[in-house]
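I have placed the structure first, in the form of structure tokens, so that the comments after it can refer back to it.
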Amino acid sequence: MDPENLNDSLISNDLELIKDIERYSETHINKPTVNRLMDSLYDHSMKHVTFLLPAYNEEQSIETLLKKVRRYRNSRVIVVDNNSKDKTAEIAGKVGANVLKEHKQGKANAIKTGFENVRSSFAVMLDADNTYDPQDAQKLLKPLMKDEADVVLGSRIQGKREKGSISRFNLLGNYILSLFASLLFCKVSDVCTGYWAFKKQVIDYLLAEGIDSDGFDLEVEMFSKIAEKKFRILEIPISYKNRLDSPKLNSFNDGILIFKRMLSIWLKKRWGSL
């Protein structure tokens, strides 16, 4: 077998091995197997990954979520506590996360604090309400580690959703917002997703560019600015579960805010500061 065919064969075997390990991990408790596979097959291991979780009154879900995240051995985990009135920060610390405090209220403010403390080559951002499955992080990280993308979004729309996890009204709103984002910037199915993976250079760009959002318009601001800069954006289907408590999002008001943020960025890029 010539070297080129041999290389193709090895790549094919690696891909089949990945699929086998993923199927295994879905039915077995030994989740770190996936972590070891990623460490051996890619240039960057999990020690180059930071998990970033903004949290506000998530004591019901934070421990369960963090125990799943900690299965990615050698990774760093940052929980940014955004003035929680419950035991969120205390529980996160006991599970082994690095807990930072952000006293300025709003998810975007928590994420900015988290971004400023990322030192690794890659970062995974996910909400702390346990609606997202940390096991999906491996799917978001692979394209970054293989240099096939600069940013990867976890799409709830393309993936599997638990019944009732997103209301019909919110689905419609997300569809409309994603449609406008696709028309103004680049194609996307779930612009409001809370599950992202970044290369460090993208985080550095967002911090240098400035994040103007305070709350749930964060995601659309990041998407808009990243798309305008022509970073490579990829979407991966993910699973999505029901929250244990009531949602913090005000569907109508926050939807209007998100749309205004997106439109403002598009207009400023073309006609200057408004």
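On the basis of being touching an Asp or Glu at 6+ places or on another chain (Cβ under 9 Å), of a type in the set (Ser, Thr, Tyr) and assigned by TED's automatic domain parsing to the domain that holds Ile62, does Ser167 make the cut? First the steps, then the outcome.
Values: touching an Asp or Glu at 6+ places or on another chain (Cβ under 9 Å): no; of a type in the set (Ser, Thr, Tyr): yes; assigned by TED's automatic domain parsing to the domain that holds Ile62: yes.
Against the criterion (touching an Asp or Glu at 6+ places or on another chain (Cβ under 9 Å), of a type in the set (Ser, Thr, Tyr) and assigned by TED's automatic domain parsing to the domain that holds Ile62), Ser167 does not qualify.
If you filter the range 183-231 down to residues that are more than 14 Å from Leu263 (Cβ to Cβ) and among the hydroxyl-bearing types (Ser, Thr, Tyr), you find that the one that is surrounded by the fewest Cβ atoms within 10 Å (Cβ to Cβ) is Tyr205.
For Ile157, the stated conditions do not hold, so it cannot be described as of a type in the set (Val, Ile, Thr), assigned to a helix (DSSP H, G or I), over 22 Å from Ala97 (Cβ atoms) and assigned by TED's automatic domain parsing to the domain that holds Val191. Of all residue pairs spaced 6 or more apart or on separate chains, those with beta-carbon atoms under 6 Å, a first member in the range 205-234 that is of a type in the set (A, V, I, L, M) and a second member that is in a loop (DSSP other than H, G, I, E, B) are Val220/Val191; Ala227/Phe185; Ala227/Cys186; Leu234/Ala149.
Listed residues Gly93, Gly106; which is at pLDDT below 95 and out of contact with any helix residue (DSSP H, G or I) (no Cβ under 6 Å at 6 or more places or on another chain)?
Working: Gly93 fails: at pLDDT below 95.
Among Gly93, Gly106, only Gly106 is at pLDDT below 95 and out of contact with any helix residue (DSSP H, G or I) (no Cβ under 6 Å at 6 or more places or on another chain).
Only one of the numbered conditions (1) out of contact with any strand residue (DSSP E or B) (no Cβ under 9 Å at 6 or more places or on another chain); (2) in a loop (DSSP other than H, G, I, E, B) is violated by Leu179, and that is (2). Name every residue in the range 210-236 that is part of a loop (DSSP other than H, G, I, E, B) and among the small types (Gly, Ala, Ser), in order of residue number. If the condition is that a residue be part of a loop (DSSP other than H, G, I, E, B) and among the small types (Gly, Ala, Ser), then Gly210, Ser213, Gly215 are the ones that fit. The residues in the range 129-157 that are charged (D, E, K, R), in contact with a strand residue (DSSP E or B) (Cβ under 6 Å, 6 or more places away or on another chain) and surrounded by 20 or more Cβ atoms within 10 Å (Cβ to Cβ) can be counted, and the count is 3. Mind checking whether some residue in the range 66-80 is among the polar types (S, T, N, Q), farther than 28 Å from Glu148 by Cβ, free of Cβ contacts under 8 Å to residues at least 40 places away in the same chain and surrounded by fewer than 17 Cβ atoms within 10 Å (Cβ to Cβ)? No, the range 66-80 has no match at all.
For Ile111, the conditions (1) assigned to a loop (DSSP other than H, G, I, E, B); (2) in contact (Cβ under 8 Å) with a residue 24 or more places away in the chain all hold with the exception of (1). Being touching a residue at least 24 places away in the same chain (Cβ under 8 Å), assigned by TED's automatic domain parsing to the domain that holds Arg232, over 13 Å from the mean Cα position of the chain (by Cα) and not in a strand (DSSP E or B): is that true of Asn174 here? So Asn174 does not fit the description; no.
Considering the range 180-224, the residues that are under 26 Å from Asp129 (Cα atoms) and of a type in the set (Lys, Arg) include one that is farthest from the chain's Cα centre (by Cα), namely Lys200.
The values are calculated or read from the model by the stated rules, or taken from the named source; none is laboratory data. Just so we're clear, the structure is a prediction, and the values are computed from it rather than from any experiment. Neighbour counts are summed over all protein chains in view; Cβ atoms, including those assigned to glycine, are modelled from backbone coordinates with ideal geometry.
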